[in-house]
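K.L.:
What follows is a single structure, and I will ask about it in a moment.
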Amino acid sequence: MKQESLFQNVETPLVKQRDNIPPVRRQRAHPESRAAFNSIRGHLPQLDASLVRFMRENFNIGWTCDEIEVALLLSHQTASSALKRLKDSKIVIETDRTRATRSGRRARVVVLAEEGK
């Protein structure tokens with residue numbers, strides 16, 4: 001008995017429309033996500049300032065997000081969102097350098113924009 005593939009003769013629209021894939025729409029945040037964000041919104045400027053102050057005081061090596069998490073005792077979500085805000089504001093820039101994270105993966109090193117690449 002010949003076993004056929006489950007996907008044999010099945011047309012997949014994404015493959016046929018590969019060049020015409022519409023842009024991804026941003027999903028609306030769940031009420032719990034909005035509530036969580038609103039609960040910390042007032043603390044974001046202080047968090048960003050503490051990250052900048054920390055990086056200024058330790059500017060000689062640059063930092064990965066993972067290293068910032070460990071040094072400042074932050075969760076990944078908190079550290080990465082703060083770095084994203086600082087990158088979007090052009091306060092922090094990514095370098096071409098990478099370093100190993102705690103999991104062994106490579107991560108980009110970020111520095112303050114005033115320090116250059």
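The values are calculated or read from the model by the stated rules, or taken from the named source; none is laboratory data. Fair warning: this is a prediction, and the values are worked out from it, not measured in the lab. Every residue, glycine among them, receives a Cβ derived from its backbone with ideal geometry; neighbour counts consider all protein chains shown.
K.L.:
Keeping to the stretch 34-70, report how many residues are farther than 13 Å from A82 by Cα, part of a helix (DSSP H, G or I) and touching a residue at least 24 places away in the same chain (Cβ under 8 Å).
P.N.:
The total comes to 3.
The rows are residues; the columns are (1) without any contact (Cβ under 8 Å) to a residue 24 or more places away in the chain; (2) in contact with a Cys (Cβ under 8 Å, 6 or more places away or on another chain); (3) in a loop (DSSP other than H, G, I, E, B).
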{"residue": "S80", "(1), (2), (3)": "yes, yes, no"}
{"residue": "L83", "(1), (2), (3)": "no, yes, no"}
{"residue": "K87", "(1), (2), (3)": "yes, no, no"}
{"residue": "T95", "(1), (2), (3)": "no, no, no"}
{"residue": "G104", "(1), (2), (3)": "yes, no, yes"}
{"residue": "V111", "(1), (2), (3)": "no, no, no"}
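K.L.:
Any idea which of P31, P22, P45, P13 is of a type outside the set (V, I, T), exposed (fewer than 13 other Cβ atoms within 10 Å of the Cβ), modelled with pLDDT of 70 or more and over 29 Å from V109 (Cα atoms)?
P.N.:
Of P31, P22, P45, P13, the one residue that is of a type outside the set (V, I, T), exposed (fewer than 13 other Cβ atoms within 10 Å of the Cβ), modelled with pLDDT of 70 or more and over 29 Å from V109 (Cα atoms) is P31.
K.L.:
Looking at the stretch 65-79, can you tell me whether even one residue there is at pLDDT 80 or above, surrounded by 10 or more Cβ atoms within 10 Å (Cβ to Cβ) and farther than 30 Å from S103 by Cβ?
P.N.:
Scanning the stretch 65-79, I find no residue that is at pLDDT 80 or above, surrounded by 10 or more Cβ atoms within 10 Å (Cβ to Cβ) and farther than 30 Å from S103 by Cβ, so the answer is no.
K.L.:
Let me ask another. Inside the stretch 81-101, can you point out the residues that are in contact with an Asp or Glu (Cβ under 9 Å, 6 or more places away or on another chain) and among the charged types (D, E, K, R)?
P.N.:
R85, K87, R99
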